[in-house]
2 protein chains.
Amino acid sequence: MSFRPAAAVGMPLAEVDTPCLMLELDAFERNLKRLPESLHGRNIRLRPHAKSHKCPEIALRQIALGAAGVCVQKVSEAEALIAGGVKDILVANEVVGAPKVKLLAELNKRAHVAVCADDAGNVAALDAAARAAGVKLDVLVEVDVGAGRCGVQPGAPVVALAQQITASGNLRFAGLQAYQGSAQHIRKVDERRDAITRAVGHVRATTRLLGEAGIACDYVTGAGTGSYMFEAASSVYHELQAGSYIFMDADYAKNEWTESGIPQFEHSLFVWTTVMSAPAPERVVVDAGLKASSIDSGMPRVADYADVDYVKASDEHGVLQSRGATRFKVGDKLKLIPGHCDPTVNLYDWFVCMRNGRVEALWPITARGALL
Amino acid sequence: MSFRPAAAVGMPLAEVDTPCLMLELDAFERNLKRLPESLHGRNIRLRPHAKSHKCPEIALRQIALGAAGVCVQKVSEAEALIAGGVKDILVANEVVGAPKVKLLAELNKRAHVAVCADDAGNVAALDAAARAAGVKLDVLVEVDVGAGRCGVQPGAPVVALAQQITASGNLRFAGLQAYQGSAQHIRKVDERRDAITRAVGHVRATTRLLGEAGIACDYVTGAGTGSYMFEAASSVYHELQAGSYIFMDADYAKNEWTESGIPQFEHSLFVWTTVMSAPAPERVVVDAGLKASSIDSGMPRVADYADVDYVKASDEHGVLQSRGATRFKVGDKLKLIPGHCDPTVNLYDWFVCMRNGRVEALWPITARGALL
């Protein structure tokens, strides 16, 4: 059920079939280095989020550049990455339900796989599964630092759950998951910084309470591509979870970056597409629609042609409209910048890796579809 | 790279892991029969669109109930369905680019695979590929009957392209692809009917012109779940391409159906999901987000709980908000009705087929990810 790749190694760009997911290796490698370099001199670890790429080849490159390991959202993603050679994983999310909790515990015999929790019943289930598997499981308490999604409220609820974890024979209280997800795409730098300042305040108050309860907390993890330098400068975070920096999608590109201290990352991820119909001079249809580029965070952008907009997506078609002199004909190929990299990557089985106009490698997206 | 299914045959519903794509077989089978039954006494064929299900198991059931074959959008979908035993396929779309055109021609040695065209250069490429493969290829001219996507304009441009096809040694002019895609989700019945009436007018004028040019046209194909009875009643269409009727997603359910003559179809396709976090009494988080249910046509609906809304999706999370008395706790499982079935099906490798509360079968979504 896995499809053949759209290209072969060595093939020139013009021959690569469409639609496919294309990774420009030079830009990708610059992004890959730029984030850890931007942390130079700071006492903070990087644990990139692998839900963006779902690819062991990329995880291992991040680790080779100093990352402590990677994050995932799903235990089946952890399984796929462990099979690809990754040894240290944080499931930066709750894992709920008997088969998943069992798998999580079992995986700890092959790699270090920590997990987050925000519920007493779930902590009890994790403890039972760890006992059954004969492992000691690292559990972080997820604290809601403003995103309004998962996590217990800062302060006393965190202490109560940490105490339960500490009292569980097969669990170890590992620290706090404190990701402010809703801050990442706040466009204005000042407002984004303010959201993280509030998150840092919640973390600081909570770790103080934990200390008063006699519970050491030497591991606070969180942050994303949009905000990570603010967490890095806070002195309360120990680890950063940015993921999208390697690809830089169209939605993140709409953020204001100046004065943030966060370097500009380059678009390295593209959907390569063909003009399949040219019904009017200024309006053509490409073969990449909803199943080739997720539109949850806006339409893809057309790369290299500033006067052309991707205006409408249906299942297998995208309509391009020219506002200027650009005219395409049937058979022309062009690059789209996905609106949102994570769910777009999840549509493909392969990264077609390009350098100097030729296919250098094909990397399998091993955790594509890893929903469990 | 294909993931294990979320269930095993015989498993009770409560044990099925999440998120997964669940097909309620009783409702599905009623839908499967209801559409052909609604055409009883009319001289019209059904060729359901397989882009909705991408599954040979379903295609073969549609054909067993009298369908002439199926439609697909991609030549790689045709390949997957032929491997699953389907013998008659219409690629209801243009196929552009050397590797795809070659594959299309080659597949005609194993099955009947017709294709659409709207461009003279593409017709020449199809002819060359058919000659190289030693096959005669059936080509339909796609005519834009109001959707404003692919297709040549009605009238003279269709005649010119049909003449080119007729003059090509390795092609046969098979008829007209006349799908009014933008009519399918017009909510009001009268407006939807009017859009199809205009499409029918374009088809009628065009077939008359073809006849005057000495080109017989005994095959006009089109229509979708939202409009098919209007095309069926028109006397100019020979074949209907409805696909979503088997599943009935939340977007189609918003259409007004009374007075259309189109039977009500039932929701048979669901995303089975678990409450993974319960941060507030009226607000919980489920484990099905953007990668489990496409939101291009709106958020999924919560089945069985009229007072609960799915209000926000992120990659791996969905936020549910209760407007009433319903309260969920961590570990509860529930069903979502996808906003748009086609791109949601494309996120999964398996249909988990349920009957009487147990898993009856697991059907592979063989053409999942078939983008080429």
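The values are calculated or read from the model by the stated rules, or taken from the named source; none is laboratory data. Here the structure is a predicted model, which means the values were calculated and not measured. Here Cβ is always computed from backbone atoms with ideal geometry, including for glycine, and neighbour counts include all displayed protein chains.
Of the candidates A:SER234, A:SER244, the single residue that is modelled with pLDDT of 95 or more, closer than 27 Å to B:LEU347 by Cα and in contact with a helix residue (DSSP H, G or I) (Cβ under 6 Å, 6 or more places away or on another chain) is A:SER244.
Among the residues of segment A:240-290, those that are within 14 Å of chain B (Cβ to nearest Cβ), more than 24 Å from B:ALA120 (Cα to Cα) and assigned to a loop (DSSP other than H, G, I, E, B) comprise A:GLN241, A:GLY243, A:PHE247, A:ASP249, A:LEU290.
Evaluation of A:THR18 against the conditions (1) β-branched (Val, Ile, Thr); (2) surrounded by fewer than 17 Cβ atoms within 10 Å (Cβ to Cβ); (3) within 13 Å of B:LEU371 (Cα to Cα) shows that the sole unmet condition is (2).
Contact map, segment B:118-147: first residue more than 9 Å from chain A (Cβ to nearest Cβ), second residue assigned to a strand (DSSP E or B) and of a type in the set (Phe, Trp, Tyr), Cβ cut-off under 9 Å, separation 6 or more or different chains; pairs are B:ASP138/B:PHE173; B:VAL139/B:PHE173; B:LEU140/B:PHE173; B:VAL141/B:PHE173. Taken over segment A:128-145, residues that are within 16 Å of A:ALA92 (Cα to Cα) and either out of contact with any Pro (no Cβ under 9 Å at 6 or more places or on another chain) or in a loop (DSSP other than H, G, I, E, B) (or both) amount to 7.
The residues in segment A:215-238 that are surrounded by 21 or more Cβ atoms within 10 Å (Cβ to Cβ) and within 17 Å of A:VAL115 (Cα to Cα) can be counted, and the count is 5.
Just give me the residues in segment A:182-192 being in a helix (DSSP H, G or I) and closer than 24 Å to B:LYS312 by Cβ, in sequence order.
Initial filter on segment A:182-192 (in a helix (DSSP H, G or I)): A:182-183, A:189-192.
Within segment A:182-192, A:SER182, A:ALA183, A:GLU191, A:ARG192 qualify.
Does A:MET276 count as at pLDDT 95 or above and in contact with a Cys (Cβ under 8 Å, 6 or more places away or on another chain)? So A:MET276 passes the test. Just one residue in the set B:ALA64, B:ALA59 is surrounded by fewer than 22 Cβ atoms within 10 Å (Cβ to Cβ) and in the same structural domain as B:TYR245 (by TED's automatic domain parsing); that residue is B:ALA64. Does segment B:245-257 contain any residue that is of a type in the set (Asp, Glu) and surrounded by 17 or more Cβ atoms within 10 Å (Cβ to Cβ)? Scanning segment B:245-257 turns up at least one residue that is of a type in the set (Asp, Glu) and surrounded by 17 or more Cβ atoms within 10 Å (Cβ to Cβ). Per the listing B:HIS238, B:HIS202, the residue uniquely more than 24 Å from B:ALA67 (Cα to Cα), assigned by TED's automatic domain parsing to the domain that holds B:GLN164 and not hydrophobic (A, V, I, L, M, F, W, C) is B:HIS202.
How many residues, within segment B:315-372, are of a type in the set (Val, Ile, Thr) and more than 9 Å from chain A (Cβ to nearest Cβ)?
In the first step, residues of segment B:315-372 are kept if they are of a type in the set (Val, Ile, Thr); the result is B:319, B:326, B:330, B:337, B:344-345, B:352, B:359, B:365-366.
Still in the list and also more than 9 Å from chain A (Cβ to nearest Cβ): B:326, B:337, B:344-345, B:352, B:359.
Count: 6.
Screening segment B:9-122 for helices (runs of 4 or more DSSP H) wholly inside it with 1 or more residues that are polar (S, T, N, Q) and in contact with a helix residue (DSSP H, G or I) (Cβ under 6 Å, 6 or more places away or on another chain) returns the ranges B:25-38.
If you go through segment A:299-353 and pick out every residue that is within 21 Å of B:GLY369 (Cα to Cα) and among the small types (Gly, Ala, Ser), you end up with 4.
Checking the condition over 21 Å from A:LEU269 (Cβ atoms), within 13 Å of chain B (Cβ to nearest Cβ) and within 19 Å of the chain's Cα centre (by Cα), which residue from A:ALA114, A:ALA80, A:ALA92 passes? I'd like the intermediate steps shown before the answer.
Numbers: A:ALA114 fails: within 13 Å of chain B (Cβ to nearest Cβ); A:ALA80 fails: over 21 Å from A:LEU269 (Cβ atoms).
None of the others qualify; the one that does is A:ALA92.
Take the conditions (1) without any contact (Cβ under 8 Å) to a residue 12 or more places away in the chain; (2) assigned by TED's automatic domain parsing to the domain that holds A:TYR237; A:VAL70 misses just one of them, which is (1). Test B:ALA195 against the stated conditions and say whether it is closer than 26 Å to B:ALA80 by Cβ, touching a helix residue (DSSP H, G or I) at 6+ places or on another chain (Cβ under 7 Å) and either part of a helix (DSSP H, G or I) or without any contact (Cβ under 8 Å) to a residue 40 or more places away in the chain (or both). The answer is no for B:ALA195. The conditions of being away from chain B (no Cβ under 14 Å), of a type in the set (Gly, Ala, Ser) and under 30 Å from A:LEU334 (Cβ atoms) are met by A:ALA27. Please verify whether segment A:203-211 includes one or more residues that are surrounded by fewer than 21 Cβ atoms within 10 Å (Cβ to Cβ), modelled with pLDDT under 95 and over 15 Å from the mean Cα position of the chain (by Cα). No - not one qualifying residue is present in segment A:203-211. Checking each residue in segment B:262-292 for being farther than 18 Å from A:SER76 by Cα, touching a residue at least 40 places away in the same chain (Cβ under 8 Å) and within 28 Å of the chain's Cα centre (by Cα) picks out B:ILE262, B:PRO263, B:PHE265, B:GLU266, B:HIS267, B:SER268, B:LEU269, B:PHE270.
Once segment B:291-312 is narrowed to residues that are among the aliphatic types (A, V, I, L, M) and within 13 Å of another protein chain (Cβ to nearest Cβ), the residue that is surrounded by the most Cβ atoms within 10 Å (Cβ to Cβ) is B:ALA292.
Of all residues in segment A:261-273, those satisfying the criterion of being of a type outside the set (D, E, K, R) and surrounded by fewer than 21 Cβ atoms within 10 Å (Cβ to Cβ) are A:GLY261, A:PRO263, A:GLN264.
Residues that are in a strand (DSSP E or B), crowded, with 19+ Cβ neighbours inside 10 Å and either away from every other protein chain (no Cβ under 14 Å) or without any contact (Cβ under 8 Å) to a residue 40 or more places away in the chain (or both): does segment B:148-166 have at least one?
Of segment B:148-166, the ones in a strand (DSSP E or B) are B:152.
After this cut, where a residue has to be crowded, with 19+ Cβ neighbours inside 10 Å as well, the list is B:152.
In the following step, the residues that additionally are either away from every other protein chain (no Cβ under 14 Å) or without any contact (Cβ under 8 Å) to a residue 40 or more places away in the chain (or both) were identified as B:152.
The answer is yes; a qualifying residue exists.
Once segment A:149-180 is narrowed to residues that are among the hydroxyl-bearing types (Ser, Thr, Tyr) and touching a strand residue (DSSP E or B) at 6+ places or on another chain (Cβ under 7 Å), the residue that is nearest to A:THR197 (Cα to Cα) is A:TYR179.
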